[in-house]
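Each reported figure results from applying straightforward, stated rules to the coordinates on display, with no laboratory input. Owing to the predicted nature of the structure, the values given are computational and were not obtained by experimental measurement. Here Cβ is always computed from backbone atoms with ideal geometry, including for glycine, and neighbour counts include all displayed protein chains.
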Amino acid sequence: MLDVEKELAPPPRIPSEEEILRGMLSRRYHYAQAHRTAAYQHTFRAKSRWELVRLSLLIVGIECTYATETAFVAPILLAIGLPHTLMTMMWAVPPVVGVLFVPVVASVSDQLRFAWGRRRPMLLALGLAMLSGMMLLPHGHQIGAVLGLRTVAWVATITTVGLTMTDFSAEAANGLCRTYAMEVCTIRDQARVLSTMMLTGGLGGMLGYAFGAIDWSALPVGRYFVSNEAAVFAANWIVLLIGLVSTLTAFAEIPLPVQERDELLRPVTHWMLQNEVKRLAAPADGGLTEPAAAAEEDAQDQTIGFRQFLRNTVRMPRSMKLLCLTQFLSHMGYLPYCLYFTDFVAGQVYDGDVLAPVGSGPQVRYEEGLRFACWGMALFSGCASLYSLVIERLIDRFGARTVYVGGLMAHCVGMLAMGFVHRNAVVLVSCALTGIMYATIYSIPFLLISHYHSKNSFAMENGKCVESTEPRGFGADVSMMSSVLCLAQLVVSLVMGVVIDAAGTTTVITFAASGLTLLAAASAMALLYMDL
C-alpha cells in the first residue's frame, strides 16, 4: 500500500530559475554579512536606481570627453595649419595605440590580484591619464612656447600626445567601467546598469556639446582662459574628475584572491546559475558537476591568462566574428560623422573658413557654425539618451534583430539626407537619427555578449544552444568592442582625410557614413540572437 502511494505521489517540484537565483544570492548575502565581509555583501543584492546612476557617472565624464574631443580637436588641428590629410592622420595615432594595448589592459585587469579589486585600479590609472591628456589638448601653443617649441610640427605633436592619452584611456576605461558595473551587480541588474549607462552617457554627451555651444569669451569666467576651447576643456575636466571619484568609490570589488579562497564570496554568474539549475534538475545519481567544481570552472573562465586571451581572439566563434564585423562597420559609419561633423557644418552649411583672418566674415561664420554644430550634437546625445530608455521594451516587443537593424538604418537615412540638403533643419533631424543609432551600437552588442556568456554558448544547432568548451573571459570579450572601435578609427583616420582633400569638400563624409552603415545593417541581419 505504501509503495502504491509512493508511486502515485507527485514528483518533487523543481524550483524555477528565478527561485534558484534568489536562493543563491540570499545565501551569499547572509554569509558575507555573518563572516565580517559586509563590504562585499552588496554584490549579492539588487541595486537601487541611484546606485546604478552612481556606477555610471564615470561614463558621463567619458562621454563628455568624447563630445569635447569630437567638437574641437579637428578645429584645433586645422587652426594650427594642418591640411585635412595630416589632421586626420593625427586622429590615427590613438587607435593604433588602442588596437595594440586595449586588449592588453583588459587581460591584465582580468588577472589583477590587488586588494582594491581588478577593475578599479585600472580605471584609476586610466582616469588620471585622461585628466592629464585633457590638460594638454587645448594648450599646445602655450606648452610649446614654454618649452621653446613654437613650430607647427611641435605644437601638433604636443596636441597629438594629449589626444592620444585622452582617447586611448577613454576607450579602455569605457569597456572596463561597464565590466566593473556588471560584476558588482547581480545578473538580473546587468541589463539595467547597461541601460542606465546609456542614459547617463547620453546626458554626459549633451553636457559636453552644450559646453562647446557656449561663447565663454562673453562670460565673466572667460577672461581666465586663453581661448574659448580652453574654457570648454576645463569644464569637461571638472565633470570627468567628479565622475571618476564617484564611480570608483561606489562599491568595493571582491578581490580575486578572496574569490579563490571562498566559494561563497564569488559573484553569482550566469554560468554558475545554469550549473545549479542542471544540478537540481538532474536525478540524484546523475553525476553532474557539483556547485564547487562549477564555481571553480567559472573562476577559471573569468581569469583566463593572456595566452588564452590571444587564442580566443584568433579562434573566435563565428557569432563573435560576425558581431565584431558588425560593430566595426557600425563605427566606420558613425566615426566620419563623429570626427568631421562640426567642420562640415561650419564649412559647408555656414560657408565658413577656419583659416580666415580673425574677425572676418568667413571666420565669424565658421565660429557660428561650430556652435550650431555643438547644439546639433547635443540633440544627438539627448536622443541617444531618450532612446536608451525604451530600447529594452522595443527589444522585448520586436526582437533584438529588428531593433538593431532599424537603429543602423536610421543613421544611414539621416546621413544621406544631410549630404544632399545643407539646411539647419535637416542637420538637426539627422543628428536625432544618429542618436538612435548610437544608443543601439552601445547597448545591443554588449547585451548579445552577455547573452552568449549567460548560456555559455556561441553557436546553435537544430534550434538548440551548443555549450562552449573553450573558456572565454567576459571582460576580455567586452573589451573587444573597444578594440574594434580603435581599428575603425584607425581606418577612418588614414583614409577619410585623403578622400576629403581629393573630393575638395567635407560633404563626402555623409555619403561614406551612409554606405558603411548600410553594410553594417546587412551584417546585423546575419548575427546570432538566440531568441533575444
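Observations on the model:
- Counted residue by residue at 0.36 nm each, then reduced by the alpha carbon distance between them, the extension gain from Trp116 to Ala522 reaches 141.8 nm.
- For region 336-483, the alpha carbon convex hull comes to 133 Å³ per residue, rounded to a whole number.
- Dipole magnitude for region 397-532: about 320 debye, using +1 per Lys or Arg Cβ and -1 per Asp or Glu Cβ, origin at the Cα centre.
- 0 to 90° range, to nearest 10: angle between helix 270-281 axis and the chain longest Cα axis: 20 degrees
- For region 311-358, the C-alpha radius of gyration sits at 1.95 times the compact-globule guess of 2.2 N^0.38 Å, with N the residue count.
- Cα-based helix-to-principal-axis angle, 93-111 vs the chain, degrees rounded to 10: 20 degrees
- Label-point separation, Asp351 to Ser16 (7 Å along Cα→Cβ), nm: 6.6 nm
- Principal semi-axes of the equivalent ellipsoid, √(5λ) from the alpha carbon gyration tensor of region 407-532, are 35, 17, 12 Å from largest down.
- Asp501-Ala34 FRET efficiency (beta carbon distance; Förster radius 51 Å; 0.05 resolution): 0.15
- Estimated D of region 47-123 in µm² per second, where Rh is the Kirkwood radius over Cα pairs and Stokes-Einstein applies at 20 °C, 1.002 mPa s: 138 µm²/s
- Cα-based equivalent ellipsoid of region 134-232: semi-axis lengths in Å, sorted from largest, via gyration tensor: 35, 19, 8
- Largest to smallest principal axis extent of the C-alpha atoms in region 152-203, angstrom: 53, 21, 9
- Gap separating the Cα centres of region 91-167 and region 43-75, nearest whole Å: 18 Å
- Ellipsoid semi-axes in whole angstrom, largest first, where each is sqrt(5λ) of the Cα gyration tensor of the chain: 46, 25, 20
- Estimated FRET transfer efficiency when R0 is 60 angstrom, pair Phe420-Ser468 (beta carbons, to 0.05): 0.80
- Computed from point charges on the beta carbon alone (+1 for Lys and Arg, -1 for Asp and Glu), the dipole magnitude for the chain about its Cα centre is near 400 Debye.
- 0 to 90° range, to nearest 10: angle between helix 120-136 axis and the chain longest Cα axis: 0 degrees
- The share of Cα pairs per 10 Å bin across region 330-407, counted from zero up to the longest distance, runs 18, 33, 24, 15, 8, 2 percent.
- When the alpha-carbon atoms of region 485-532 are used, the pair Rg, Dmax equals 14.3, 47 angstrom.
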